[in-house]
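Written below as structure tokens is the structure these notes are about.
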Amino acid sequence: MDVKTWTYIIVGLSFALYIGIAIWSRAGSTKEFYVAGGGVSPLANGMATAADWMSAASFISMAGLISFMGYDGAVYLMGWTGGYVLLALLLAPYLRKFGKYTVPDFIGDRYYSNTARTVAVICALIVSFTYVAGQMRGVGVVFSRFLEVSIEMGVVIGMIIVLFYAVLGGMKGITYTQVAQYCVLIFAYMVPAIFISIALTGNAIPQLGFGGVINDGSGMYLLDKLDGLNQDLGFAAYTDGTKSMVDVFAITFALMVGTAGLPHVIVRFFTVPKVKDARVSAGYALLFIAILYTTAPAVAAFARTNMINTVSNKEYSQMPEWFKKWETTKLIKFEDKNGDGKIQYVKDKDANELTVDNDIMVLANPEIANLPNWVIALVAAGGLAAALSTAAGLLLVISTSVSRDLIKMQWNPNVSEKNELLYARLSAAVAVIVAGYFGINPPGFVAAVVALAFGLAAASFFPAIIMGIFSKRMNMQGAVAGMVVGICLMIFYMLKFKFGIFDGGKDAVDGLKDAWWFGISPEGFGTVAMLANFAVALVVSYMTPPPPQSVQEIVENIRIPRGSGEAHAH
Amino acid sequence: MSNNHLQNYWKKNLFYLVVLLVIWFFSSYGAGILFADNLNSIKIGGFKLGFWFAQQGSIYVFIIIIFVYVYLMNKLDKEFDVDEK
């Protein structure tokens, strides 16, 4: 059977499974819609969190990105996993004990003010919308490459699927679909990785093959060989980075703290029955995430070795079929600058003749390694599972923010349960359509902003939540001032150094690098903005009155697990 | 439950947090970034040690930290009789 038939069969089966689960797990109450009734087992929640967390970017782009960055790719590997330690130790158990539905719920109650609640809702909406647009785009891209429909059509199909199970099932439907999606995506990631590891190093475990001896008879370690290949072409050694140490440090920190502050991740820990479950569930989540995240750097090194060996200084006419195929998608571009018919792939921009898109490393891997057609189809299903699961989780945060944090808590507190559920479904539907629109007409800034969403979350939510738990003295004035300063500083830095708004636009961005504060890139600036948030909040809170006694009691109460009960509404 | 009792529980929790977060910091920022160049002179199999910590080891350590924390806290909750029934 050809690739296309296989893809239709495997993707079709996986979609049928998701829809079946959605029908089986319809939500009947707001509690089921917001937090799956608070009855999800920690293991299932760990899998759902992993699928929720790993987006199209983790699945499709990350390995490729690392393979071009070498050592520097560690910022993503450590940054996107280390945040779970902070979640498990500093946030999840206490927020679960607090026992409501959303992050703005916590901020609003702990800081006894609707101003704080509104600031939190705005931050949650900014972070989630930028993120979800990227996911819908990912769905479109996978559809167009593997099923040969247009990107627009792909986005629309994706919208219908997500609309169906997010609107019908709410958190309950999303949770159980995400469990299935995790299984699909991890299987789809591991199968090609294992095949390639065997082919290159003879070791079936990619994490070990990564440090093994390469199979080309040279007797060299794979990484030593790759360091040499890179250096011969003028690149930095693979195990040695090009970024400054302070920047690597700042980016890693911003990604970790941002991860711990992302509303769609935090809310997953409201769905388990007990405080104890929230702790262990974060452990399971990281375990499931780590399977992919420790494989990705191995895939990156394998793919880079394979690629250099296949293309470097070889006749263009002798290129394998996959090279030609991906050339038509413009993800590989070759321009024979010196007219010798050979491919020169080197660091020097003027002599380099080949440009390769990051996404290729995972998408084309099965073809590069000559794997059977069903494996290629599986990768398509895996990419879709990753994109859809993340999109659904984000849409839920958006709909909850509107139906609960705005309508129920602020505009119309007397709304009936039935109507609240209706509003939740309506806002989910509107959010899907808006996200779909951005997926079809992506504004140029989406890609840049997705990476910066972490900086925004780090600069706003993380300090407010941490101090809400660990400091009884922190008051409304301090927290609001901190969040506003943090997020404004982050947005300012982004506009100045990522978009060059104050210096004549995008073209000025490269020239501004020397002016970076402390030598930190916009991606890493969330670390500085977060520290500013903490500092402002502490200073302001000591100049203003302490929070009322009732709030100090809330803080006492969330610090001990007993009496958590189930996630409740009031 | 007396205030003192709960304060002791909280202090012990904070002690665990500090110890585990120090390990968290050293396995990632320490071994993977600040001292990576020094550790790279040590090789285990085909891995330079600093590089291994940055792309593999730190993640394994993170998982261990969380499960150790879960174990310690479950024990502490029982010891101070604040666990969920």
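The values are calculated or read from the model by the stated rules, or taken from the named source; none is laboratory data. Worth saying up front: this structure is predicted, and the values here are computed from it rather than measured. Methodologically, a virtual Cβ is constructed for each residue, glycine included, from the backbone with ideal geometry; neighbour enumeration extends over all protein chains shown. Protein only, heavy atoms only, side chains kept; ligands, DNA and RNA dropped before computing areas. Shrake-Rupley method; radii C 1.70, N 1.55, O 1.52, S 1.80 Å.
Let's see how each residue does on (1) touching a strand residue (DSSP E or B) at 6+ places or on another chain (Cβ under 9 Å); (2) buried (at least 24 other Cβ atoms within 10 Å of the Cβ):
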site	(1), (2)
A:L233	no, no
A:T271	no, yes
A:V275	no, yes
A:A285	no, yes
A:V311	yes, no
A:Q318	no, no
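Scanning the stretch A:357-376 for residues being farther than 13 Å from A:V299 by Cα and either of a type in the set (D, E) or open to solvent by less than 30 Å² (accessible area, probe 1.4 Å) (or both) gives a total of 5.
For A:D216, the requirement of being in a loop (DSSP other than H, G, I, E, B), within 11 Å of another protein chain (Cβ to nearest Cβ) and open to solvent by 50 Å² or more (accessible area, probe 1.4 Å) is not met. Across the stretch A:37-59, the qualifying residues are those that are surrounded by fewer than 24 Cβ atoms within 10 Å (Cβ to Cβ) and within 13 Å of the chain's Cα centre (by Cα), and the one among them that is farthest from the other protein chains (Cβ to nearest Cβ) is A:A57.
When residues in the stretch B:40-59 are screened for being in a helix (DSSP H, G or I) and either facing another protein chain (nearest Cβ under 7 Å) or open to solvent by 10 Å² or more (accessible area, probe 1.4 Å) (or both), 9 of them pass. Quick one: would you say A:L77 is open to solvent by 10 Å² or more (accessible area, probe 1.4 Å), over 27 Å from A:S29 (Cβ atoms) and either of a type in the set (G, A, S) or modelled with pLDDT of 90 or more (or both)? No; evaluated as a whole, the condition is false for this residue. Return a yes/no flag: does the stretch A:381-393 have any residue that is surrounded by fewer than 24 Cβ atoms within 10 Å (Cβ to Cβ) and under 22 Å from the mean Cα position of the chain (by Cα). No, the conditions are met nowhere in the stretch A:381-393. Condition check for B:V82 on (1) touching a residue at least 24 places away in the same chain (Cβ under 8 Å); (2) among the β-branched types (V, I, T); (3) surrounded by fewer than 18 Cβ atoms within 10 Å (Cβ to Cβ): one failure, at (3). Take A:G228 and tell me if it is touching a Lys or Arg at 6+ places or on another chain (Cβ under 8 Å), more than 9 Å from chain B (Cβ to nearest Cβ) and either open to solvent by 10 Å² or more (accessible area, probe 1.4 Å) or not in a helix (DSSP H, G or I) (or both). Answer is no for this residue. Among the conditions (1) in contact with a Leu (Cβ under 7 Å, 6 or more places away or on another chain); (2) within 29 Å of A:I376 (Cβ to Cβ); (3) among the aliphatic types (A, V, I, L, M); (4) open to solvent by 10 Å² or more (accessible area, probe 1.4 Å), A:L331 misses just one, which is (1).
Return the only residue of A:V85, A:V40 being of a type in the set (A, V, I, L, M), touching a helix residue (DSSP H, G or I) at 6+ places or on another chain (Cβ under 9 Å) and not in a helix (DSSP H, G or I).
A:V40
With respect to A:I186, determine if the residue is of a type in the set (V, I, T), more than 9 Å from every other protein chain (Cβ to nearest Cβ) and open to solvent by 60 Å² or more (accessible area, probe 1.4 Å). Spelling it out, it is not the case that A:I186 is of a type in the set (V, I, T), more than 9 Å from every other protein chain (Cβ to nearest Cβ) and open to solvent by 60 Å² or more (accessible area, probe 1.4 Å). Scanning the stretch A:189-201 for residues that are open to solvent by less than 30 Å² (accessible area, probe 1.4 Å) and not β-branched (V, I, T) turns up A:Y189, A:P192, A:A193, A:S197, A:L200. Tell me yes or no: at least one residue of the stretch A:165-185 is more than 30 Å from A:G28 (Cβ to Cβ) and in a helix (DSSP H, G or I). Looking through the stretch A:165-185, none of the residues is more than 30 Å from A:G28 (Cβ to Cβ) and in a helix (DSSP H, G or I).
For the stretch B:14-39, the set of residues classified as modelled with pLDDT under 95 and either exposed (fewer than 15 other Cβ atoms within 10 Å of the Cβ) or farther than 24 Å from A:A74 by Cβ (or both) consists of B:D37, B:N38, listed by residue number.
Within the stretch A:256-269, the set of residues being of a type in the set (A, V, I, L, M) and open to solvent by less than 10 Å² (accessible area, probe 1.4 Å) comprises A:M256, A:V257, A:A260, A:L262, A:V265, A:I266.
Checking each residue in the stretch B:60-79 for being touching a residue at least 40 places away in the same chain (Cβ under 8 Å) and either open to solvent by less than 10 Å² (accessible area, probe 1.4 Å) or at the interface with chain A (Cβ under 8 Å from one of its Cβ atoms) (or both) picks out B:I65, B:Y69, B:M73, B:L76.
Residues in the stretch A:337-358 that are among the β-branched types (V, I, T) and assigned to a loop (DSSP other than H, G, I, E, B): 2 in all. Restricting attention to the stretch A:1-36, the residues that are among the polar types (S, T, N, Q) and open to solvent by 50 Å² or more (accessible area, probe 1.4 Å) add up to 1. Checked against (1) at pLDDT 90 or above; (2) under 25 Å from the mean Cα position of the chain (by Cα), A:T305 passes all but a single condition, namely (2). When we screen A:G70, A:G83 for residues that are at positive phi, out of contact with any strand residue (DSSP E or B) (no Cβ under 6 Å at 6 or more places or on another chain) and open to solvent by less than 30 Å² (accessible area, probe 1.4 Å), the only hit is A:G70.
Here is the figure for the stretch A:522-550: residues that are surrounded by 19 or more Cβ atoms within 10 Å (Cβ to Cβ), in a loop (DSSP other than H, G, I, E, B) and either among the polar types (S, T, N, Q) or within 28 Å of the chain's Cα centre (by Cα) (or both) total 1. Can you find even one residue in the stretch A:364-379 that is within 21 Å of A:T310 (Cα to Cα), of a type in the set (D, E, K, R) and under 22 Å from the mean Cα position of the chain (by Cα)? Checked against the condition, which is being within 21 Å of A:T310 (Cα to Cα), of a type in the set (D, E, K, R) and under 22 Å from the mean Cα position of the chain (by Cα), the stretch A:364-379 yields no hits at all.
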